[in-house]
Structure formats: structure tokens, C-alpha cells
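Worksheet for the structure shown next.
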Amino acid sequence: MRFDTVIIGGGLAGLICGIRLAKQGERCAIISLGHSALHFSSGSLELLGALPDGSTVVSPADALDALRQMAPEHPYARYSRERFLALAAEGATLMQEAGVATFGSAEQNHYRLTPVGAMKPAWLTFEGYVHSPNADSLPWKNVALFNAEGFLDFYAQFLKDEMLRMGTKCAAYTFNLPELEQIRQNPTEMRSANIARIFDKRETLDKLADIIAAKMDDAEAILLPAVLGVDCKDGVRYLEQKLGRKVAVIATLPPSVPGLQVQTLLRRYFQELGGVYMLGDTAVGYKSEGNKITAVYTRNHGDIPFLATNYVLATGSFFSGGLEATNDRICEPLFGADVQYVADRGEWYDRDLFKPQAYESFGVKTDELLRAMRQGQVIDNLYVAGATLPGFNAVKEGCGAGVSILTALDVAERILSKK
Ligand SMILES: Cc1cc2nc3c(=O)[nH]c(=O)nc-3n(C[C@H](O)[C@H](O)[C@H](O)COP(=O)(O)OP(=O)(O)OC[C@H]3O[C@@H](n4cnc5c(N)ncnc54)[C@H](O)[C@@H]3O)c2cc1C
């Protein structure tokens, strides 16, 4: 099988890179093992929420100079303010084209409500999610919060307490439906995606609307866990129309229903553009000649090679198997690419769980053009994008999605500019 570009990893970075390339007419394949970090998404994409010294970022673009000084190896450090904003704008546009409706801008962070009621800086929040321009208040003074009876992956009491602390009175209710009874027969089935599936049917949303209408009283907004349908994308809008009130959802514990939806929408868009998505396949081997990769082999395709002019490594970090740790070293398991990490194992992590963990910043070494290195030499046609890159801490700096999207677009442009 011959392509212009083969991308290994079908998470946010792989998909965005593939979409950008396919839009330019490149023949592109994505080999994707399975779940990506999107399946755990909070409902918001983060660009830059904090600097490495812990200070909060209001405007990601304005914070670039300080970031460059504190973390010269951060993936953003290679971008001027203009380039950073242009890549972010392009990323937001691609999302929109794929059918992912979002709110937000790269010029100024807004705040999303986490499942435990904290407010965190965000770049793009998926439509229908609770968000606020302020870090310490919500847009309403009086809300009603509804949770499915027996759904334990949603902490209504935490949310209620935290909202009260922010000056928003919150009345909490549970609701039950015959459709929920079926799922509840097995406690392990009471998970967000299963609950969301029952709301793919309009009749179930109608029943929920009736329950809410009977209890909502004078609440300015109705808040729910993010479970209003998997295939159905307009559950929030539908309820709003039925109730005549503002309706918004809050992230649950994983699996993330909006994350599943976004992954599906991006994949469909990539396929509509002519891209080939090998779902459930794993890249397991390669051939190289000199400093070039000439073929990639996968588990499902055996000795049939994936041949391409360029390859993109978007296999994520430890979480997705893009990096692996042994007792004494960190490696990139597919190509054996060089990894940037601290040699002393004792320095890989801090016993204080809440401190930045060094291992979170480990990743595959690249040159300025984002090409991977092996034994100190650049691999000419192997680019790296997303969470596989070193030099940043997605959790502490709140920059995971931003790094994935911006570097994926950057890599795509570098590949296109070679022609
Ligand atoms: C649990 C979790 C939650 C997060 N939540 C958020 C959030 O809410 N907002 C935010 O901004 N950021 C979040 N992040 C940060 C996240 O890293 C980025 O947002 C981004 O989604 C990462 O995308 P990626 O494509 O670089 O990597 P990944 O999403 O990790 O995708 C890598 C993909 O490569 C596949 N793969 C790996 N090896 C192979 C192989 N050999 N062959 C084929 N496929 C392979 C994996 O199966 C996976 O699908 C989260 C990260 C984690 C770990």
C-alpha cells in the first residue's frame, strides 16, 4: 500500500495532521491502535493555562515570551506570537469544519468547570459545556443540578459546594427513567457512555425534560452530567428549547462522551477528505535505508508494507504507548528514536503527587523541523507531533491539546512545503 504520508497514531495530533494533509490532496493513512487521550477529555481543549513556575496564564499568546525563557525546550518555544496565533486559529477552524462546535479564543483563556467543581483555564470548550469568563464565578446565581440516580462518576455534592463558594445557589436533584433501570441491573454498566446512549432517542430526552420541568422552579440554568447522547449532538439545545431555560453540561469521569464524539467527527472528516483510517491496527515494525524510513508494518497487515514518502509519529506519551519505561531507561518502542529524559531513575518522579512530575516532560528528541532523531542523527522523513514530544507538562501547564494541534499542523505544513 502506497501513500504520500503514513501517520502512526489516530488521536488528536494524528487526526489533525491527517486532515490538514488530506485537505491539500495528499494520500494519507492513519494507523490507529485504539483509545486516545480524547476518550478522557474534560470537554475543553487547553492551549496554555499556566507557566512552569505555576503562575496563571490569562492570554496564551501574551505568555509566550515568559514561557520561552522558563522552558526553552517547550514545543511552543519555536513559534513567534504571530505563528502561534495563526496555528491556533487554523486548529480552531479545522475543528469547526469537522463539525466540532466550540467556544473560546487563543487571545484570552476562559474557564471551564471541572467534575469536582474547580475552575480551570481553557482555550476551546465544546458547545453546551459550563464555562465562564471568570475564574471565581459562574454566569448564574441560581442553578438546578440533575444527576441520574446511582451514577457515581459525577460528584454532585462537590459541585454544589464549590458553586456555593462561588456565589451560585445550587439545588441538586436525581432523576430516574425506565431506560436507566435496565443499565442499573449491572452496576459496572452505569457508566457515562452507556447512559448517554439512552438519550440518543428523542423520547428519552422528552421524559427527562418532563422531570426537570416539574422541579426546576426559578433556576436560571439547568446543569447535567455530559451524558445527553452519543450520536445525538444537540441534546443540550433540544432540552433548552423544551424547557425555555439555559441548559449546560459538566464533564463526568471517563469515558468522556464529548471526547468520543470529537474523535468520531474528526475521523469522519478525515475519511471524507479521502484519508484511510486503519482502526484497531498497530504499527509494529519498519524498514529504513540510510536516514530514511522506507516502510512501516502493522499487526493486521503482516508483511504487506505501508510505503510512504513521509511518516508521522503521533503515538502519544506513556498513556498511549508512545513511550515506554523499563527499569533503567525510557524508550520509543516503534522506531527506537532517541528520547529526551533524565538518566537517573530517582529523578523521574516526585513522591509528592501534586508536584510536576519529570517523566511527564520526557519525549522523542527532534530537530528544529520536528524530525525524529536516532543515535543522534536526524531521520529525514519521520516527523513527530503531539504528546510524543518532550519539553512540556500537559497537566501542570494546561497545554496538552494545544501542543497536539499546533505541532500537528506545523508538521503537516513542513511535509507540504517539501513539494
Ligand atoms: C487521561 C488524559 C486526559 C486528558 N485530558 C485533556 C483535556 O481534557 N484537555 C486537554 O487539552 N488535554 C488533555 N490531555 C492532554 C492530551 O495529551 C492532549 O490533549 C491530546 O489529546 C493528546 O493527543 P495525541 O494525539 O498527541 O496523543 P494520544 O491522544 O495519546 O493519541 C495517541 C494514539 O496513538 C495510538 N498508538 C500508540 N502506539 C501506536 C502504534 N504502535 N500503532 C498504532 N497506534 C498507536 C494510541 O492508541 C492513541 O490512539 C489529556 C491527557 C490524558 C492522558
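So that you can scan it fast, the table gives a plain yes or no per residue for (1) out of contact with any Ser or Thr (no Cβ under 8 Å at 6 or more places or on another chain); (2) within 14 Å of the ligand (Cβ to nearest atom):
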| site | (1), (2) |
| --- | --- |
| GLU347 | yes, no |
| GLY386 | no, yes |
| PHE392 | no, yes |
| ILE405 | yes, yes |
| SER417 | yes, no |
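Would you call GLU332 acidic (Asp, Glu) and open to solvent by 10 Å² or more (accessible area, probe 1.4 Å)? Quick ask: steps written out before the conclusion?
Numbers: acidic (Asp, Glu): yes; open to solvent by 10 Å² or more (accessible area, probe 1.4 Å): no.
No, not satisfied.
When the range 375-403 is examined, which residues are found to be within 30 Å of LEU51 (Cβ to Cβ) and of a type in the set (Gly, Ala, Ser)?
ALA385, GLY386, ALA387, GLY391, ALA394, GLY398, GLY400, ALA401, GLY402
Looking only at the range 187-219, which residues are more than 30 Å from the chain's Cα centre (by Cα) and either within 15 Å of VAL257 (Cβ to Cβ) or open to solvent by 10 Å² or more (accessible area, probe 1.4 Å) (or both)?
GLU203, ASP206, LYS207, ASP210, ILE211, ALA213, ALA214, LYS215, MET216, ASP217, ASP218
Can you confirm whether THR174 is loosely packed, with under 15 Cβ neighbours inside 10 Å, of a type in the set (Ser, Thr, Tyr) and out of contact with any Asp or Glu (no Cβ under 8 Å at 6 or more places or on another chain)?
Details: loosely packed, with under 15 Cβ neighbours inside 10 Å: yes; of a type in the set (Ser, Thr, Tyr): yes; out of contact with any Asp or Glu (no Cβ under 8 Å at 6 or more places or on another chain): no.
No; evaluated as a whole, the condition is false for this residue.
Do we have ASP53 as away from the ligand (no atom under 15 Å from the Cβ), in a loop (DSSP other than H, G, I, E, B), open to solvent by 20 Å² or more (accessible area, probe 1.4 Å) and without any contact (Cβ under 8 Å) to a residue 24 or more places away in the chain here?
Details: away from the ligand (no atom under 15 Å from the Cβ): yes; in a loop (DSSP other than H, G, I, E, B): yes; open to solvent by 20 Å² or more (accessible area, probe 1.4 Å): yes; without any contact (Cβ under 8 Å) to a residue 24 or more places away in the chain: yes.
The answer is yes for ASP53.
Go through the range 111-122 residue by residue and tally those that are crowded, with 20+ Cβ neighbours inside 10 Å and in a strand (DSSP E or B).
Going through the range 111-122 one residue at a time, the tally reaches 6.
Kindly indicate the residue of the range 24-45 that is more than 6 Å from the ligand (Cβ to nearest atom) and touching a helix residue (DSSP H, G or I) at 6+ places or on another chain (Cβ under 7 Å) and also farthest from THR102 (Cα to Cα) among those meeting that condition.
The extreme case among them is CYS28.
Identify, please: which residue in the range 233-262 is in a loop (DSSP other than H, G, I, E, B) and in contact with a strand residue (DSSP E or B) (Cβ under 9 Å, 6 or more places away or on another chain) and is, among those, farthest from the ligand (Cβ to nearest atom)? So that I can check it myself, show each step before the final result.
So in the range 233-262, the residues in a loop (DSSP other than H, G, I, E, B) come out as 233-234, 244-245, 251-256.
Filter once more, keeping what is in contact with a strand residue (DSSP E or B) (Cβ under 9 Å, 6 or more places away or on another chain): 245, 251-252.
Working: ARG245: 27, ALA251: 8, THR252: 12 Å.
That would be ARG245.
Checking the structure you have, find out if any residue of the range 12-23 is within 16 Å of the ligand (Cβ to nearest atom), charged (D, E, K, R) and within 30 Å of HIS301 (Cβ to Cβ). Give the steps one after another, and end with the answer.
To start, the set of residues in the range 12-23 that are within 16 Å of the ligand (Cβ to nearest atom) comprises 12-21.
Narrowing further to those that are charged (D, E, K, R): 20.
If we keep only those that are within 30 Å of HIS301 (Cβ to Cβ) as well, we get 20.
Yes.
ARG374 - would you say it is of a type in the set (Lys, Arg) and either within 16 Å of the ligand (Cβ to nearest atom) or farther than 25 Å from ASN310 by Cα (or both)?
Values: of a type in the set (Lys, Arg): yes; either within 16 Å of the ligand (Cβ to nearest atom) or farther than 25 Å from ASN310 by Cα (or both): no.
For ARG374, the condition - of a type in the set (Lys, Arg) and either within 16 Å of the ligand (Cβ to nearest atom) or farther than 25 Å from ASN310 by Cα (or both) - is not met.
Looking at LYS418, LYS396, can you tell me which residue is touching a Gly at 6+ places or on another chain (Cβ under 9 Å), touching a residue at least 40 places away in the same chain (Cβ under 8 Å), open to solvent by 20 Å² or more (accessible area, probe 1.4 Å) and among the charged types (D, E, K, R)?
Numbers: LYS418 fails: touching a Gly at 6+ places or on another chain (Cβ under 9 Å).
Of LYS418, LYS396, the one residue that is touching a Gly at 6+ places or on another chain (Cβ under 9 Å), touching a residue at least 40 places away in the same chain (Cβ under 8 Å), open to solvent by 20 Å² or more (accessible area, probe 1.4 Å) and among the charged types (D, E, K, R) is LYS396.
Which is closer than 25 Å to LYS160 by Cα, touching a Pro at 6+ places or on another chain (Cβ under 8 Å) and of a type outside the set (Asp, Glu), of ALA135, ALA106, ALA118, ALA122? Quick ask: steps written out before the conclusion?
Details: ALA106 fails: closer than 25 Å to LYS160 by Cα; ALA118 fails: touching a Pro at 6+ places or on another chain (Cβ under 8 Å); ALA122 fails: touching a Pro at 6+ places or on another chain (Cβ under 8 Å).
It is ALA135.
Step by step: first the residues of the range 313-328, then only those that are modelled with pLDDT of 95 or more, farther than 26 Å from ILE415 by Cβ and not aromatic (Phe, Trp, Tyr), then the one that is least open to solvent (accessible area, probe 1.4 Å). Which residue is that?
Of everything passing the filter in the range 313-328, ALA325 is least open to solvent (accessible area, probe 1.4 Å).
Suppose the filter is at pLDDT 95 or above and either under 17 Å from the mean Cα position of the chain (by Cα) or not β-branched (Val, Ile, Thr) (or both); does ALA343 pass it?
Spelling it out, it is not the case that ALA343 is at pLDDT 95 or above and either under 17 Å from the mean Cα position of the chain (by Cα) or not β-branched (Val, Ile, Thr) (or both).
Take ARG299 and decide whether it is touching a helix residue (DSSP H, G or I) at 6+ places or on another chain (Cβ under 8 Å) and farther than 30 Å from LEU159 by Cα.
Numbers: touching a helix residue (DSSP H, G or I) at 6+ places or on another chain (Cβ under 8 Å): no; farther than 30 Å from LEU159 by Cα: yes.
Criteria not met by ARG299.
The values are calculated or read from the model by the stated rules, or taken from the named source; none is laboratory data. Computed from a predicted structure; not experimentally measured. All Cβ positions, glycine included, derive from the backbone under ideal geometry; neighbour counts span all protein chains shown. To get the accessible areas, we keep the full protein, side chains included, count just its heavy atoms, and leave off ligands, DNA and RNA. Shrake-Rupley method; radii C 1.70, N 1.55, O 1.52, S 1.80 Å.
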